[in-house]
Amino acid sequence: MDQFFFNFRWKLGIDGLSLGPVLLTGFITTLATLAAWPVIRDSRLFHLLMLAIYSEFIPVYLLLSMWGGKKRLYSATKFILYTAGGFHFSLIGRSGCRLSVVSCGFGNHILYWILIAFAVKLLILPLHTWLPDTHEEAHYSTYMLLVGILLKMGAYGLIRINMELLPHAHSIFSPWLMVVGTIHNLCNFSISRPT
């Protein structure tokens, strides 16, 4: 669908890589909205913030701080600090891509910045410490949206940005990414196993 706004032209579309996350978003948003049905206190604001959660920073902070548990302000602040930090790393990396320094051989350095940014969303050690606090304090419908959708954006962004904008750097670092992912999954598996 083409849209025109102040002489800017932008297109919306879904390709094969985006179809899965779009379907997942619709399904989990529906389930989270149904799970939020019992919310009584400021229910209109709660549902509005749930719809706005995809803009990430402010709605998630408000959902955590207003409808969270006992340590809700601590977990909301920790979430916003980690997410904002990841956003700034992503901004630095994307700025490097826009300045066309990729062709000058700086693609590997740009990839470092982008990897740090998405490591926060992918919960790669040691940038995962915001999630346990958020898990304990968030309302279950908010947590469904965080884990089911926002964390998947990290993997989607890593694939979409790295493979398309930095193909050479991605081909160099992809074996290391597989090793880090395997170690991360083994650590998570050993931690989550019942004793």
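The values are calculated or read from the model by the stated rules, or taken from the named source; none is laboratory data. Since we're looking at a predicted model, the values are computed, not measured. We place every Cβ from the backbone using ideal geometry, glycine too, and count neighbours over all the protein chains shown.
Suppose we filter TYR112, TYR74, TYR54 for residues that are assigned to a helix (DSSP H, G or I) and either modelled with pLDDT of 80 or more or touching a His at 6+ places or on another chain (Cβ under 7 Å) (or both); which single one remains?
Numbers: TYR112 fails: either modelled with pLDDT of 80 or more or touching a His at 6+ places or on another chain (Cβ under 7 Å) (or both); TYR54 fails: either modelled with pLDDT of 80 or more or touching a His at 6+ places or on another chain (Cβ under 7 Å) (or both).
So the residue among TYR112, TYR74, TYR54 that is assigned to a helix (DSSP H, G or I) and either modelled with pLDDT of 80 or more or touching a His at 6+ places or on another chain (Cβ under 7 Å) (or both) is TYR74.
Mind checking which residues of the stretch 52-64 are touching a residue at least 12 places away in the same chain (Cβ under 8 Å) and on the phi < 0 side of the Ramachandran plot? Even if it seems obvious, please write down each step before you answer.
Initially, the stretch 52-64 is screened for residues touching a residue at least 12 places away in the same chain (Cβ under 8 Å), giving 53-54, 56-57, 60-64.
Residues satisfying the conditions are ILE53, TYR54, PHE57, VAL60, TYR61, LEU62, LEU63, LEU64.
Every residue, every condition in (1) surrounded by fewer than 18 Cβ atoms within 10 Å (Cβ to Cβ); (2) of a type in the set (Val, Ile, Thr); (3) within 12 Å of the chain's Cα centre (by Cα), yes or no:
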site	(1), (2), (3)
ALA117	no, no, yes
LEU122	no, no, yes
PRO126	yes, no, no
TRP130	no, no, no
GLU136	yes, no, no
HIS139	no, no, no
LEU145	no, no, yes
GLY148	yes, no, yes
LYS152	yes, no, yes
In the stretch 159-169, which residues are under 13 Å from ILE114 (Cα atoms), in contact (Cβ under 8 Å) with a residue 12 or more places away in the chain and surrounded by fewer than 20 Cβ atoms within 10 Å (Cβ to Cβ)? ILE159, ARG160, LEU165
Unmet criterion (only one of (1) under 18 Å from the mean Cα position of the chain (by Cα); (2) modelled with pLDDT of 80 or more; (3) not basic (Lys, Arg)) for SER171: (1)
Any residue at all in the stretch 19-27 that is modelled with pLDDT under 80 and not small (Gly, Ala, Ser)? no
